[in-house]
Structure formats: C-alpha cells, structure tokens
Amino acid sequence: MKNIFITITGQNHYLGMKPFKVGRIVKIVKDVENPHDDEAIRVELPFIDTIGYVANSTNTVFAGTHSAGRLYEKIGEYAYAQVMFITHSSVIALVLPPELVEENGEDAPQVEIERPEPEKQTGPLAKIGF
C-alpha cells in the first residue's frame, strides 16, 4: 500500500489529545450508522472506544492527507493508523493495513515512509540551487 496519511480530528468531543502519542497505533473503523456522514471513519483505542474521527471536510483535512471520503473505498471495514505528528488541534497518522498490525500486535514495526523523488529543476534558477 502506498503511504496514505490522514488527519484525525474531533478529539474535543471525546477525551481530547490525551490518548494520542507519537508512534501509537489506533484502529480506524467505518462508521456505517453515522447519521451525519455516509463516509465517516471512527478512530478507536481498545477499552476506550471512540477518540476521534478521520477528517472529512476541507476545513479540517490537512494538506497532503486523505479525507475520510478519499480513504473510504481503499480500506475494508477497518484498518489501523500510526500516529506520526500531533498538533495543538489535530493528529496526522499513517494508515496501516490490518495484516501488518494483527500479525505483530503491539510490536508492529515502524513503517518506512516512501519519499517521492524530488523534481529536477531546469532553467536559470536551477544553477543556483532553486
């Protein structure tokens, strides 16, 4: 699976930012009974339940991350995500396939992030490093 990042939001409706730690793995589950959003994806932790949602609005999705709508058809009923960054109001996480996490449990390996090749610059500014 190509690297897919998501923005997790809505924490203030649950336990705030306390459950989130860099490196923590959370479960993301399609919320098929959500009356407000047909593509809602809930974020959960064991024994705690819902701690947020995958952002699905242009106002809450960080640049470079997938919205719940873009992610919805790319996962089954659920997947996992590893917290990569925490801001004052949101969390950015890397989506992980269920088999990676379920085979390794708590010891799921850190996933190596695919970095795109930088574009080769041309023209007069390329000579000076721009």
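The table below gives the values:
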read-out: The range 11-34, subset in contact (Cβ under 8 Å) with a residue 12 or more places away in the chain and closer than 22 Å to K74 by Cα, residue most open to solvent (accessible area, probe 1.4 Å); value: R24
read-out: Failed criterion for H36 (all others in (1) modelled with pLDDT under 95; (2) under 16 Å from the mean Cα position of the chain (by Cα) hold); value: (2)
read-out: Criterion (of a type in the set (V, I, T) and touching an Asp or Glu at 6+ places or on another chain (Cβ under 8 Å)) met by exactly one of I75, I41, I48; value: I41
read-out: When residues of the range 86-112 are limited to those that are touching a strand residue (DSSP E or B) at 6+ places or on another chain (Cβ under 7 Å) and closer than 17 Å to G10 by Cβ, the one modelled with the lowest pLDDT; value: S90
read-out: Residues satisfying the stated conditions in the range 62-74, i.e. under 12 Å from the mean Cα position of the chain (by Cα), touching a residue at least 40 places away in the same chain (Cβ under 8 Å) and within 9 Å of I4 (Cβ to Cβ); value: T65, H66, L71
read-out: Residue match in the range 44-52 (condition: crowded, with 17+ Cβ neighbours inside 10 Å and aromatic (F, W, Y)); value: no
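The values are calculated or read from the model by the stated rules, or taken from the named source; none is laboratory data. Predicted, not measured: the structure shown is a model, and the values here were computed from it. No Cβ is skipped: glycine too gets one built from the backbone with ideal geometry, and neighbour counts run over all protein chains shown. When the accessible area is computed, the model is the full protein with side chains, heavy atoms only, and any ligands, DNA or RNA have been set aside. Shrake-Rupley method; radii C 1.70, N 1.55, O 1.52, S 1.80 Å.
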